[in-house]
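Chemist: One structure, pasted below without further comment.
The values are calculated or read from the model by the stated rules, or taken from the named source; none is laboratory data. These numbers come from a predicted model, not from an experiment. Quick reminder, even Gly has a Cβ in these numbers, built from the backbone with ideal geometry, and neighbours come from all protein chains shown.
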Amino acid sequence: MASGLDVAEPSSAEQRGLLVDMQVNTCLLWGVAEADVFKALADATRRAILDELVEREPQTLFELCTRLAAKHGLSSTRQAVSQHLDVLERAGLVRSERRGRYKLHHLDTTPLREIQRRWPIRKDGQ
């Protein structure tokens with residue numbers, strides 16, 4: 001191994017397999033945040049939710065369901081929209097707050113800025 005550390009090569013196939021598993025897990029953990037964002041953005045309903053929050057925020061679950069049905073023709077149940085919001089919250093794209101009996105949802109573009117920082121958009125289009 002050329003890692004710069006004095007680590008002995010694993011002697012058995014099982015030990016080599018464990019080392020590979022640890023390396024894979026490390027790689028996966030480093031990309032968890034980006035993976036969550038990409039997973040959240042992969043679904044058309046979640047993108048529509050984000051579009052609605054860009055247009056007007058904060059919104060309650062009821063307001064989002066109404067706007068999704070009226071503007072996007074999506075007849076998702078409140079439970080389904082709530083599950084989509086959970087995915088968006090885990091990815092950091094939506095944050096929510098309680099006000100009395102209402103739960104208000106806000107857009108948070110911080111994870112998108114992190115992606116753009118990692119892969120900057122060139123001004124010259126190349």
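Chemist: Taking segment 105-126 on its own, how many of its residues are assigned to a loop (DSSP other than H, G, I, E, B) and either touching a strand residue (DSSP E or B) at 6+ places or on another chain (Cβ under 7 Å) or in contact (Cβ under 8 Å) with a residue 60 or more places away in the chain (or both)?
Modeler: Total satisfying the criteria: 1.
Chemist: So for segment 92-101 (the condition being crowded, with 16+ Cβ neighbours inside 10 Å, more than 19 Å from GLU34 (Cβ to Cβ) and not small (Gly, Ala, Ser)), does at least one residue qualify?
Modeler: Within segment 92-101, none of the residues are crowded, with 16+ Cβ neighbours inside 10 Å, more than 19 Å from GLU34 (Cβ to Cβ) and not small (Gly, Ala, Ser).
Chemist: Now for a different question. Quick one: THR110 ticks every box in (1) of a type in the set (Ser, Thr, Tyr); (2) touching a Gly at 6+ places or on another chain (Cβ under 7 Å); (3) modelled with pLDDT of 95 or more bar one, so which box is it?
Modeler: Of (1) of a type in the set (Ser, Thr, Tyr); (2) touching a Gly at 6+ places or on another chain (Cβ under 7 Å); (3) modelled with pLDDT of 95 or more, only one is false for THR110: (3).
Chemist: What number of residues within segment 43-89 are touching a residue at least 40 places away in the same chain (Cβ under 8 Å), surrounded by fewer than 14 Cβ atoms within 10 Å (Cβ to Cβ) and not in a loop (DSSP other than H, G, I, E, B)?
Modeler: Within segment 43-89, residues that are touching a residue at least 40 places away in the same chain (Cβ under 8 Å), surrounded by fewer than 14 Cβ atoms within 10 Å (Cβ to Cβ) and not in a loop (DSSP other than H, G, I, E, B) number 1.
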